[in-house]
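Visitor: Structure provided below as structure tokens; questions to follow.
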Amino acid sequence: MTERKDDRLWGGRFEREPNARFDAFQRSFAFDRRLLPYEIAVDRAWAKALEPIGIFTAAEVKQMLGALDKIEKRAKADSAWLEKVGADAEDVHHFVEKALVEELGPLGWKLHTGRSRNELVATDFRLFVIDAAAQIRNALEAILNAFLQQAKANRNVPMAGMTHMQHAQPILLSHFLLAHAEAFARDITRLQHASASADACPMGSGALAGNSFAIDRGAIARELGFSRCTGNSLDAVSDRDFALDYLFALTGIATHLSRLAEDFVLFSSQEFSYVILPDEYSTGSSLMPQKKNPDSWELIRGKTGRISGALLGLLATLKGLPSGYQRDLQEDKEALFSAHDQVTDMLSVATGALATTKFNAERLRAAASNPVLLATEAADYLVHKGIPFRQAHDIVGKVLREAEKQNVPWTSLPLETLKEISPAFEADFAASLSLDAALASKKVPGGTAPESVRAAISDLQSRITKLSTNLPSAKKGATP
């Protein structure tokens, strides 16, 4: 029989050690060590909260805070010590207690008075999500700036706008870039929601029923930078909605990055030749010397599946759980940590690739100048002549069909031929059809007219300037 060790957080009920394979299986320090800065912050707040209720003396609080400072500094500076103490730790909570006992003796055991790992991990995880959301927000700010600079630099370059992957109407390249920027701006709103969802302190909830030591939950929340306490102890220890909200925000960002990547992969192909790939964010072929591959964009597109998979995985885990804390919730962190890291890298690479991409203005203008893209302008011309749009649409369709029969550009059909299809065509029709006129006519707010795009660029600049105050950051946290 293997005798029980004395340093486990839960072992008094048991005579024998866990099965070795199971013991390794159930440990989480390998990944939840990432929460160590938050765990120590919570421990500091808890130590201070234990003094007014008589658990700690002022001298003991001072000792405890000093020991926690020492552990935090040593963990950052001495990786060998971190690995040594962590080798036998079940999780980040066990690690800190072991280190405290190593430093303070039995006083280290007193810190856990009245609290549970259930509330600890929920609090640590919330602090992580708040800081992580702020970090991703900063990365989104950077990519929005990249869109802004490219839009300014290419403000008057036209391109063929597409629907169904078919050339549809002429737009400005800057309008296209700002469209992507709008999507990433919406992602900031989702990050705000995730951060606000995490901004509630579970400490004082115990394992499920609350705290019997009259702990000041409000003081702990304020100490940690939370704006409020959780409202129900049973819910607080098992709620992972904030993690779902954050993963949903990350999934939205990854999806928008994937769409951007798809555009740039297509645009870099010889068939499009709209962009010139930067050397810094491209690779070559091990066989074909001439190749320049858009690997940065392809990898971003490919990694998006990981992010949506993390969201679906946590949803599947939570779907089968009853009320209260369940050990299944240990599975909430690895995927979220990985998704956060992946999106951080994806945004960094996308921002760099976008900022250093050069656009082939001549090729873009040539595609935008295809007369077929002016068909809608022809219908609008007829509407201005008093013809209902549905009839105008049909008339222009007949004009296009006639041009196909004659195998000529439809804009070269003589006025006589046009009048045979509809007498509404007049001598001013030809002069009304031009790329610049088509762009200029879309001068509604949010349209692709040059003046509308100038206003949109100014608006994006203003929104970027205001972003720095949009998201709160945990006072006691660290870089995720």
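Visitor: Which ones in the stretch 409-439 are surrounded by 13 or more Cβ atoms within 10 Å (Cβ to Cβ) and either part of a loop (DSSP other than H, G, I, E, B) or among the acidic types (D, E) (or both)?
Guide: Residues satisfying the conditions are L413, E420, S422, A424, F425, E426, L433, S434.
Visitor: Looking only at the stretch 245-270, how many residues end up being open to solvent by 30 Å² or more (accessible area, probe 1.4 Å) and under 15 Å from the mean Cα position of the chain (by Cα)?
Guide: Total meeting the criteria: 4.
Visitor: Just to be sure before I move on: is A456 out of contact with any strand residue (DSSP E or B) (no Cβ under 6 Å at 6 or more places or on another chain), open to solvent by less than 50 Å² (accessible area, probe 1.4 Å) and either of a type in the set (A, V, I, L, M, F, W, C) or closer than 30 Å to S273 by Cα (or both) in the structure I sent?
Guide: Yes, satisfied.
Visitor: Something else now. Considering only residues that are of a type in the set (A, V, I, L, M, F, W, C) and surrounded by fewer than 22 Cβ atoms within 10 Å (Cβ to Cβ), which ones fall in the stretch 189-212? Let's see the steps before the verdict.
Guide: Filtering the stretch 189-212 for residues of a type in the set (A, V, I, L, M, F, W, C) gives 191, 194, 196, 198, 200-201, 203, 207-209.
Hits for the stretch 189-212 are A196, A200, A207, L208, A209.
Visitor: While we're on this one: Among the candidates G284, G225, G218, single out the residue that is surrounded by fewer than 15 Cβ atoms within 10 Å (Cβ to Cβ) and either at positive phi or at pLDDT 95 or above (or both). Step through it out loud before you land on a result.
Guide: Working: G284 fails: either at positive phi or at pLDDT 95 or above (or both); G225 fails: surrounded by fewer than 15 Cβ atoms within 10 Å (Cβ to Cβ).
Every option except G218 fails the conditions.
Visitor: Next up: Tell me which residues, restricted to the stretch 48-79, are assigned to a helix (DSSP H, G or I), open to solvent by less than 70 Å² (accessible area, probe 1.4 Å) and closer than 26 Å to F31 by Cβ.
Guide: Within the stretch 48-79, A67, L68, D69, I71, E72, A75 meet the criteria.
Visitor: If I ask for residues that are of a type outside the set (D, E), farther than 17 Å from A194 by Cβ and surrounded by fewer than 18 Cβ atoms within 10 Å (Cβ to Cβ), which ones from the stretch 314-348 would you list?
Guide: Within the stretch 314-348, A316, T317, K319, G320, L321, P322, S323, G324, Q326, R327, Q330, S348 qualify.
Visitor: Follow-up. Is it the case that some residue within the stretch 153-164 is among the β-branched types (V, I, T) and open to solvent by 10 Å² or more (accessible area, probe 1.4 Å)?
Guide: yes
Visitor: Could I ask something else about it? Among the listed residues N370, N293, identify the single one that is open to solvent by less than 50 Å² (accessible area, probe 1.4 Å) and either free of Cβ contacts under 8 Å to residues at least 24 places away in the same chain or not β-branched (V, I, T) (or both).
Guide: Just a single option satisfies the conditions, and that option is N293.
Visitor: Given the structure, is E402 open to solvent by 50 Å² or more (accessible area, probe 1.4 Å), part of a helix (DSSP H, G or I) and over 20 Å from Q166 (Cα atoms)?
Guide: It is true that E402 is open to solvent by 50 Å² or more (accessible area, probe 1.4 Å), part of a helix (DSSP H, G or I) and over 20 Å from Q166 (Cα atoms).
Visitor: Test D332 against the criterion of being within 39 Å of the chain's Cα centre (by Cα) and of a type in the set (D, E), and give yes or no.
Guide: In short, yes.
Visitor: Looking at the stretch 105-132 only, could you name the residues that are closer than 23 Å to E51 by Cβ, open to solvent by 10 Å² or more (accessible area, probe 1.4 Å) and touching an Asp or Glu at 6+ places or on another chain (Cβ under 9 Å)?
Guide: L107, W109, K110, H112, R117
Visitor: Kindly check whether there is at least one residue in the stretch 100-109 that is β-branched (V, I, T) and more than 29 Å from L244 (Cβ to Cβ).
Guide: Taking the stretch 100-109 and keeping what is β-branched (V, I, T), we get 101.
Among the residues that remain, those that are also more than 29 Å from L244 (Cβ to Cβ) are: 101.
Yes - at least one qualifying residue is present in the stretch 100-109.
Visitor: Which residue out of L100, L82 is surrounded by fewer than 21 Cβ atoms within 10 Å (Cβ to Cβ) and either part of a helix (DSSP H, G or I) or not hydrophobic (A, V, I, L, M, F, W, C) (or both)? Reasoning before the result, please.
Guide: Numbers: L100 fails: surrounded by fewer than 21 Cβ atoms within 10 Å (Cβ to Cβ).
Result: L82 is the single residue among L100, L82 that is surrounded by fewer than 21 Cβ atoms within 10 Å (Cβ to Cβ) and either part of a helix (DSSP H, G or I) or not hydrophobic (A, V, I, L, M, F, W, C) (or both).
The values are calculated or read from the model by the stated rules, or taken from the named source; none is laboratory data. Bear in mind that the values here come from a model prediction, so they are computed numbers and not experimental data. Using ideal geometry, Cβ is built from the backbone for each residue, glycine included, and neighbour counts are taken over all protein chains shown. Surface areas here come from the heavy atoms of the whole protein model, side chains and all, with no ligands, DNA or RNA. Shrake-Rupley method; radii C 1.70, N 1.55, O 1.52, S 1.80 Å.
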